[in-house]
Amino acid sequence: MTLHAKGLLLGHRGAPRAARENTLESFRLALQAGLDGIELDVQRTRDGVLVIHHDFDLQGVAIASLPWAELAAQAPWMPRIEQVFELYEEFPKASLNLELKSQPPSSDGRESDLARALAAWPQRERAWISSFDPLALIRLEKAGVDVPMALLYAQTEVLELLPCLPVRGVHPHFSLLTPEQVEEFKAKGLFVVTWTVNDGETAKRLLAWGVDGVIGDLPQELLASRA
């Protein structure tokens with residue numbers, strides 16, 4: 001499987017300039033604005049609940065050290081992954097980029113938990129996983145995840161690992177791309193989604209180069225790239 005549509009416009013943690021990032025409100029606003037999907041960040045609590053939050057900690061305390069009940073009491077705005085899946089029932093054509101947050105080299109089992117959560121979601125063909133952590137990508141494959149995966153990167157040296165990874169795509173920072181590199185990736189059969197683009201003209205240029213998706217904070221700027 002590859003991305004089911006080309007030129008996707010994705011809200012970076014939803015619509016973070018309009019609502020708190022990585023919340024159901026932010027996701028709904030991004031999708032209601034007309035974006036094709038959202039990008040979000042997946043963390044794991046101590047008792048194995050997958051939650052949506054960018055940072056590894058909440059007010060200085062590691063999310064991985066907190067049970068879900070305690071975390072929910074402190075941050076009632078923080079959704080579980082199942083709530084995101086429920087939200088997506090309202091937007092049957094929307095795509096979903098799940099960034100798995102992890103800290104190599106160790107694992108707390110979050111890869112297997114994410115694989116199980118996706119296996120239980122009937123609409124998982126609308127999703128793919130990205131991660132900066134190459135070990136997490138390998139663990140996801142071993143856990144039997146059946147959605148495409150992509151390597152996130154902000155340093156080009158990590159591309160040396162590509163032949164060793166079970167990925168179908170790459171997620172580079174937009175400043176690292178050139179038309180020639182996009183063409184090279186596409187020749188290798190890789191889909192290309194880039195981040196974080198907050199200017200409509202830049203998004204339009206990247207789409208003209210052939211990227212499969214653009215992630216940004218400002219829905220209207222992204223949508224302007226189609227004007």
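The values are calculated or read from the model by the stated rules, or taken from the named source; none is laboratory data. Remember, predicted model here, so these are calculated numbers, not experimental data. So basically every Cβ, Gly included, is an ideal-geometry build from the backbone, and we count neighbours across all protein chains shown. Keep in mind that these areas ignore ligands, DNA and RNA; they rest on the heavy atoms of the full protein, side chains included. Shrake-Rupley method; radii C 1.70, N 1.55, O 1.52, S 1.80 Å.
Ligands, DNA and RNA left out, the accessible area of the stretch 145-193 computed with a 1.4 Å probe is 53% carbon and sulfur. Hey, how much of the P(r) for the chain falls beyond 29 Å, as a percent of Cα pairs? It works out to 22 percent of all Cα pairs.
At the residue level, His53 shows approximately 30 square angstrom of accessible surface with a 1.4 angstrom probe and all protein chains present.
The heavy atoms of Asp55 offer some 80 square angstrom of accessible surface to a 1.4 angstrom probe. Amide H to amide H distances under 5 Å link Ser95 with Gly37, Ile38, where only residues 5 or more positions off or on other chains count and H is placed in the peptide plane. Computed over neighbours whose Cβ is under 9 Å from that of Gly48, the net charge equals 0, Lys and Arg +1, Asp and Glu -1. Rolling a 1.4 angstrom probe over the stretch 36-87 with all protein chains present gives an accessible area of which 49% lies on carbon and sulfur atoms. Here the Karplus relation 6.51 cos²θ - 1.76 cosθ + 1.60, evaluated at θ = phi - 60°, turns the backbone of the stretch 122-135 into coupling constants of x, 9, 5, 5, 8, 10, 8, 10, 10, 7, 6, 8, x, 5 Hz, with x for every Gly and Pro. The mean accessible area for residues of the stretch 60-190, using a 1.4 Å probe and ignoring ligands and nucleic acids, is 47 Å² per residue. Distance between the pseudo-spin-label points of His54 and Gln123 (7 Å out from Cα toward the beta carbon): 2.5 nm.
Of all DSSP bridge pairs formed entirely within the chain, close to 15 percent run antiparallel. Nearest-5 percent of antiparallel DSSP beta bridges in the stretch 30-111? The answer is about 50 percent antiparallel.
The length gained on full extension between Glu82 and Glu184, counted as 0.36 nm times the residue separation minus their Cα-Cα distance, comes to 33.1 nm.
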